[in-house]
Every structure is written in structure tokens, then in C-alpha cells.
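A.B. asks: The structure's right below; bear with me while I get my questions together.
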Amino acid sequence: MTIIACTIDAIEPLTPTVNRVLLTPTTPISYQSGQYLQLCLTADDKRPFSIASHAGSQQIELHIGAAVVDNFSSQALAHLQRLYAAKQPVLAEIGLGEAQLRTDSKRPLILLAGGTGFSYIYSIAQTLAKQNIQRPVFAYWGVRDVEALYHHPEMQQWASTNQLYQFIPVIQHSTPEWQGRTGLVHQAVLDDFASLAEYDIYIAGPFAMAGVVRDAFLQQGAKRENMFCDAFAYI
């Protein structure tokens, strides 16, 4: 995989613990929605992040969490911030992974994300709309609290563009003001579908979550060959 230098166009907060990072590769790139990149902190330290921008965009959007000091994501963010302040590019490997959107399929889709795994399904959702792909789509986004739904308006707008699209946010720790779904996001899917046999399912989130979702969905009829998640290769 070729390492490409990218200018850092912006680093801006989406929530107190999640930042949007905008990068522009210095040479033309090609990637598919649902793929990821690796930020090269050093020659041996490469950190993967899902690409939130849609296929075809030459500006890459990332959503990087930094809730815990000195963890995997916050170290990468600190690296980017140092380069941004110095007006230096970041090195990245772009277009990795095997869980990209299968545009040749005719099956309805379930998109499921936990936390900043949302960036993965956001890329897919945008591509479905831009390519006017006419398939039912159910996008589930699970977060701990309402404040973490940083792209709630954008997803509501996406759902309003096509009667085949549904956006279902799920809050784990809700407030009295929240009128939507609560609990665990994968349980919301299990509650909504008696069988998952006929769906393409795209999953992003922590490894522990991915394993739980995979096993639960298989028990509810999902077909392993129609479930897409890069974390499956490691769990």
C-alpha cells in the first residue's frame, strides 16, 4: 500500500470528546465507501480510522475520539494537532479493508455503528444517497448519551431524502427528554427484525461489540457471508 502525504485542512470538535479531521491527499486517490485509512505516526506505528467521507471525495473526513488521555485515538489526534500547528502534512495509507459497500447486491441493508464507528456507516449512507441506490436501508447508531449524536441532523436529513431510508439512533443512558430508542444498539436490531437472513449487514464499533453483534445476529438468521466488518478478521 502506497503511503500518501495529506495536508491537514482542519481539526474541529464535534463533541467534547470527538473531533472531525479533514485531510486532502497531495496526489489523487481512490477508495470505496466503508474502507479505512492508517495514519502513520512513525514507520512502525500506524493507527487505523474509518473514512467518513463518501467514495469519490478527494477530501477525507475522519471522526477521532479523544475521551481518554494517551489512548490509541488521543495519541493519533495529538500527532495530528502537532503537525497541523506546524503546517506539516501527515502520512497515510488510504483505501484499506474488505468491509466496503457492495453496490452490486440487491438485498436491503442494515448499517450498525457504536460510537465513532458511525463514521463507517456515514460514508456508506452518503454513497447510497449520491448514487441513488434504491434499496431499503436501516441505519442504527448507538451511543452512550444524547450529546454523542454529533451528526444527528445530518442523518435525519439523509433519511428525509428517500422513503427507503430509516435512521434509528439508540441511547444507552437516556434522559427524560429523549423520546427515541434506548438500550443497546444491536438489541434494537434484534427487536425490529424477526429474521436477518435477507439482509446485508455492515457493522462498526469496538472489537468487543463486534463479536457480540456477530454472534447474536447469526443466531437470528444472518448469513455470515452477508455480514461485513473489518474487526471480524481479528476476533
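A.B. asks: What pairs can you find where one residue is in segment 17-43 and within 21 Å of ASP230 (Cα to Cα), the other is acidic (Asp, Glu) and assigned to a strand (DSSP E or B), and their Cβ atoms are less than 8 Å apart, with a gap of 6+ or different chains?
C.D. replies: The qualifying pairs are LEU37/GLU93; GLN38/GLU93; CYS40/GLU93.
A.B. asks: For the list (1) modelled with pLDDT of 95 or more; (2) surrounded by fewer than 19 Cβ atoms within 10 Å (Cβ to Cβ); (3) under 22 Å from ILE51 (Cβ atoms), I need the number of the one condition that ALA197 fails.
C.D. replies: (3)
A.B. asks: Right, another one. Is there a residue being open to solvent by 20 Å² or more (accessible area, probe 1.4 Å) and closer than 14 Å to ILE121 by Cβ anywhere in segment 179-191? First the steps, then the outcome.
C.D. replies: Our first condition is that a residue be open to solvent by 20 Å² or more (accessible area, probe 1.4 Å); within segment 179-191, this holds for 179-184, 186-187, 190-191.
If we keep only those that are closer than 14 Å to ILE121 by Cβ as well, we get 186.
For segment 179-191, residues open to solvent by 20 Å² or more (accessible area, probe 1.4 Å) and closer than 14 Å to ILE121 by Cβ: present.
A.B. asks: Is it fair to say ALA125 is in contact with a His (Cβ under 9 Å, 6 or more places away or on another chain), farther than 23 Å from GLN179 by Cα, open to solvent by 10 Å² or more (accessible area, probe 1.4 Å) and not in a strand (DSSP E or B)? Walk me through how you get there before you give the answer.
C.D. replies: On the way: in contact with a His (Cβ under 9 Å, 6 or more places away or on another chain): yes; farther than 23 Å from GLN179 by Cα: yes; open to solvent by 10 Å² or more (accessible area, probe 1.4 Å): no; not in a strand (DSSP E or B): yes.
Against the criterion (in contact with a His (Cβ under 9 Å, 6 or more places away or on another chain), farther than 23 Å from GLN179 by Cα, open to solvent by 10 Å² or more (accessible area, probe 1.4 Å) and not in a strand (DSSP E or B)), ALA125 does not qualify.
A.B. asks: Assuming GLN58 fulfils every condition listed in (1) more than 19 Å from ILE3 (Cα to Cα); (2) loosely packed, with under 15 Cβ neighbours inside 10 Å apart from one, which condition is it?
C.D. replies: (1)
A.B. asks: I need the full set of residues from segment 20-42 which are in a strand (DSSP E or B), open to solvent by 20 Å² or more (accessible area, probe 1.4 Å) and over 15 Å from GLN88 (Cβ atoms), in order please. So that I can check it myself, show each step before the final result.
C.D. replies: Here is the first cut: in segment 20-42, the residues in a strand (DSSP E or B) are 20-25, 36-40.
With open to solvent by 20 Å² or more (accessible area, probe 1.4 Å) added as a condition, the list becomes 20, 22, 24, 36, 38.
Result: ARG20, LEU22, TYR36, GLN38.
A.B. asks: Restricting the first residue to segment 110-134 and requiring it to be without any contact (Cβ under 8 Å) to a residue 60 or more places away in the chain, which pairs with a second residue that is open to solvent by 10 Å² or more (accessible area, probe 1.4 Å) and assigned to a helix (DSSP H, G or I) meet a Cβ separation below 7 Å and a spacing of at least six or different chains?
C.D. replies: If the second residue must be open to solvent by 10 Å² or more (accessible area, probe 1.4 Å) and assigned to a helix (DSSP H, G or I), the pairs left are ALA125/TRP158; ALA129/TRP158.
A.B. asks: Here is a follow-up. Got a number for residues in segment 63-87 being touching a residue at least 60 places away in the same chain (Cβ under 8 Å) and farther than 17 Å from SER119 by Cα?
C.D. replies: 4
A.B. asks: Oh, and also: Checking the structure you have, find out if any residue of segment 87-95 is surrounded by 17 or more Cβ atoms within 10 Å (Cβ to Cβ), within 13 Å of the chain's Cα centre (by Cα) and not β-branched (Val, Ile, Thr).
C.D. replies: No, the conditions are met nowhere in segment 87-95.
A.B. asks: To continue, here is another question. Suppose the filter is within 27 Å of LEU101 (Cβ to Cβ) and open to solvent by less than 30 Å² (accessible area, probe 1.4 Å); does PHE49 pass it?
C.D. replies: On the way: within 27 Å of LEU101 (Cβ to Cβ): yes; open to solvent by less than 30 Å² (accessible area, probe 1.4 Å): yes.
So PHE49 fits the description; yes.
A.B. asks: Within segment 200-217, take every residue that is open to solvent by 70 Å² or more (accessible area, probe 1.4 Å) and free of Cβ contacts under 8 Å to residues at least 60 places away in the same chain and give me the one that is farthest from PRO169 (Cα to Cα). Lay out the reasoning, then the answer.
C.D. replies: The first filter runs over segment 200-217 and keeps only residues open to solvent by 70 Å² or more (accessible area, probe 1.4 Å), leaving 206-208, 212, 215.
Filter once more, keeping what is free of Cβ contacts under 8 Å to residues at least 60 places away in the same chain: 207-208, 212, 215.
Values: PHE207: 20, ALA208: 20, VAL212: 19, ASP215: 22 Å.
Selected residue: ASP215.
A.B. asks: Give just the number: which of (1) under 29 Å from LYS130 (Cβ atoms); (2) under 21 Å from the mean Cα position of the chain (by Cα) does LYS223 not satisfy?
C.D. replies: (2)
The values are calculated or read from the model by the stated rules, or taken from the named source; none is laboratory data. These figures come from a predicted structure and were not determined experimentally. Note that we place each Cβ from the backbone using ideal geometry, even for glycine, and neighbour counts take in every protein chain shown. SASA here: full protein model, heavy atoms, side chains in, ligands and nucleic acids out. Shrake-Rupley method; radii C 1.70, N 1.55, O 1.52, S 1.80 Å.
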